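See structure below.
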Amino acid sequence: MHPAFPICWARGCEPIAWQSQSFMTRQFRKWLAEWLRQNRSRGPRYTTQKVNSPPSVLKPNIIYLIGDDECDWAAVLRCPCGCGELIHLSLVLDTSPSWRVQIGRKGLATLSPSVYRSIGCRSHFIIYQGRLIWCKGDDQEF
């Protein structure tokens, strides 16, 4: 029996929410660690490069951070599916939608939340610690 559902459930006891949440967090971390171990050597990793304006030719596997010395307000990258389209993302937290780019210890980028192209190739992906992770939906296959 799951620890969030005590034996006295029939007598009206409430499940303890934090136990269920911590269980789910542990399970997700285990799954993510295993997935990263299995896919460690697959493909090049994403890094970042700070620029004042997007370059005319974007290199693959680079997230260009557009801004000044104090803050970045946009990110631009080439679509990883191979269609060659540019993806422009707002990094301004006051707007919707907006994304965050975090730079890890080895200079590897994490982009969150996921990116979903609603037009064109309809790519849906996450970049986590420099790795490209495809999000597969019911209507698409990669």
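Taken together, the values in this text are just the output of simple stated rules run on the coordinates, not laboratory data. What you see is a predicted model; the values in this text were computed from it and never measured. All Cβ positions, even for glycine, are placed from backbone atoms using ideal geometry, and neighbour counts span all protein chains on display.
Sorting 134, 99 from the fewest to the most surrounding beta carbons within 10 angstrom yields 134, 99. Between residue 50 and residue 102, the contour length at 0.36 nm per residue exceeds the Cα-Cα span by 17.4 nm. Our estimate of slack between residue 68 and residue 35, defined as 0.36 nm per intervening residue step minus the Cα-Cα distance, is 8.3 nm.
Couplings for segment 54-65, taken from phi via the Karplus curve 6.51 cos²θ - 1.76 cosθ + 1.60 with θ = phi - 60°, read x, x, 5, 10, 8, 7, x, 6, 10, 9, 7, 9 Hz in order; Gly and Pro are left as x. Rounded to the nearest 20 debye, the dipole magnitude of segment 18-127 is 800 debye, with +1 charges on Lys and Arg beta carbons, -1 on Asp and Glu beta carbons, and the Cα centre as origin. With contacts defined as alpha carbon pairs under 8 Å and 6 or more residues apart, what's the relative contact order of segment 47-134 in percent? Dividing the mean separation by the residue count of segment 47-134 yields 18 percent. Counting charges near residue 85 (Lys, Arg +1; Asp, Glu -1) among other residues having Cβ under 9 Å from its Cβ returns a value of +2. Translational diffusion coefficient of segment 47-134 (Stokes-Einstein, Kirkwood radius from Cα pairs, 10 °C, 1.306 mPa s): 121 µm²/s.
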